[in-house]
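Inspection log for the structure reproduced underneath, given as structure tokens.
The values are calculated or read from the model by the stated rules, or taken from the named source; none is laboratory data. Please read all numbers here as calculations on a predicted model, not as lab measurements. Counting neighbours? That spans all protein chains shown, and the Cβs are built from the backbone with ideal geometry, glycine included.
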Amino acid sequence: MVRAFVCGCLGTSLSASERAFLAEAAPLGVILFKRNIGTPEQVLALTSEIRSVLGRDDAFVLVDQEGGRVQRLSAPHWRRYPPAARFAVSFVDLDERIAMVQLAARLMALDLRAVGIDVDCLPVLDVPADGGHEVIGDRAYSRDPEEVAQLGRAAAEGLLDGGVLPIMKHVPGHGRAGADSHLDLPIVDASLEQLVASDFLPFHRNASLPAAMTAHVVYTALDPDHPATISPIVISDIVRGAIGFDGLLFSDDLSMKALPGTFAEKTAALFAAGVDIALHCNGDQAEAEAVAAASPLLQGESLDRMKRALEARRRPLLDFDPVDAALRLQRVLAAPA
């Protein structure tokens, strides 16, 4: 039995109440944050404990490991990675940028797999636009949607080559949002034509990737009454329809302030809209219990998508030289910002 949600935990090991909750609720997996990260040995012990409690070796353990300001595993135990935008500063040639983005993601996968993390919420496929909030900012690869599509694909391929499942975000696009959805509900007034030409394009180009995460954003041209995460119109007509994505679809974090209602109401609304997996990140167990209670068992098309996502991960390449790769990556870090 697997229930269609992912939750967080509060510390560097599971409390007795967390162990009991995970064993009973049977989430698809757990997402880690800086509060959960100490040493490599501790993280490996935590991920092993999570899978032991859930009773599934294939239970997902997620993290946001992008580089730059969104890097949960960081110094002194892990190498520092540049933000996505830094690759454009360091390399003029697009082919070289593509190669280096893939290399950095492959190194990230090596770091993550070593401590039992097998899902990375990367690549960010949002296209920044004038007036957009800096919550995306340098997390985006470019302001050119075609380049975002190619560089995002490179990051995804690097993760897959290292045996880590990528989750592209934030579909159908967060780059125009004038507010931070962690704190407020962004409302985007762009026309459908503008959204198709820019915001949707990187996701459409990468619709074959195995997993994606929604945006807590209202697009007035699509559904003026509901954020994408809880909009049947956006999920069915745009994400599954116009964009053509048929992979495993996660919500963005339900503990963000953008979505209205109680946790039970938010959870029920996202499943009614057609999202596959509810994501709750802050580790508040009472909130997570409400999410779990409103989450169905993983079955039907959602179960099939989860199985395809598991199958998409590749066996890590044996001929990868991490020392050489890290030296090459230093060119990015050493270049003037």
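Consider PRO40 against the criteria (1) at positive phi; (2) surrounded by fewer than 16 Cβ atoms within 10 Å (Cβ to Cβ): it satisfies all of them except one. Which criterion is unmet?
Unmet condition: (1).
When you scan segment 252-259, do you find a residue that is part of a loop (DSSP other than H, G, I, E, B), modelled with pLDDT of 95 or more and surrounded by 21 or more Cβ atoms within 10 Å (Cβ to Cβ), even just one?
yes
Only residues in segment 200-221 that are over 17 Å from LEU185 (Cβ atoms) and touching a residue at least 12 places away in the same chain (Cβ under 8 Å) count as the first member; pair them with residues that are part of a helix (DSSP H, G or I) and among the aromatic types (Phe, Trp, Tyr), Cβ under 6 angstrom, at least 6 apart or cross-chain, and list the lot.
none
When HIS226 is evaluated against the numbered criteria (1) more than 26 Å from ALA312 (Cα to Cα); (2) in contact with a Leu (Cβ under 8 Å, 6 or more places away or on another chain), which criterion, by number, is the only one it fails?
Looking at each condition in turn, HIS226 falls short on (2).
Could you grab me the full set of residues in segment 197-235 that are under 18 Å from ALA155 (Cβ atoms) and either part of a helix (DSSP H, G or I) or among the polar types (S, T, N, Q) (or both)?
First pass over segment 197-235, keeping only residues under 18 Å from ALA155 (Cβ atoms): 201-213.
Of everything in segment 197-235, those that are under 18 Å from ALA155 (Cβ atoms) and either part of a helix (DSSP H, G or I) or among the polar types (S, T, N, Q) (or both) turn out to be LEU201, PRO202, PHE203, HIS204, ARG205, ASN206, SER208.
Go through (1) in contact with a Phe, Trp or Tyr (Cβ under 8 Å, 6 or more places away or on another chain); (2) without any contact (Cβ under 8 Å) to a residue 60 or more places away in the chain; (3) of a type outside the set (A, V, I, L, M); (4) not in a loop (DSSP other than H, G, I, E, B) and name the single condition GLN194 misses.
GLN194 satisfies every listed condition except (1).
Restricting to segment 260-278, count the residues that are more than 20 Å from the chain's Cα centre (by Cα) and surrounded by fewer than 20 Cβ atoms within 10 Å (Cβ to Cβ).
7
Could you please find all residues in segment 135-177 being more than 25 Å from LEU329 (Cβ to Cβ) and not β-branched (Val, Ile, Thr)?
Within segment 135-177, PRO145, HIS170, PRO172, GLY173, HIS174, GLY175, ARG176, ALA177 qualify.
Would you check which residues across segment 80-124 are under 19 Å from MET168 (Cα atoms) and without any contact (Cβ under 8 Å) to a residue 24 or more places away in the chain and list them?
Across segment 80-124, there are no qualifying residues.
I'm trying to understand the selection: among the residues of segment 279-291, which are aliphatic (A, V, I, L, M) and either more than 20 Å from the chain's Cα centre (by Cα) or surrounded by fewer than 17 Cβ atoms within 10 Å (Cβ to Cβ) (or both)?
Here is the first cut: in segment 279-291, the residues aliphatic (A, V, I, L, M) are 279, 286, 288, 290-291.
Residues satisfying the conditions are ALA286, ALA290.
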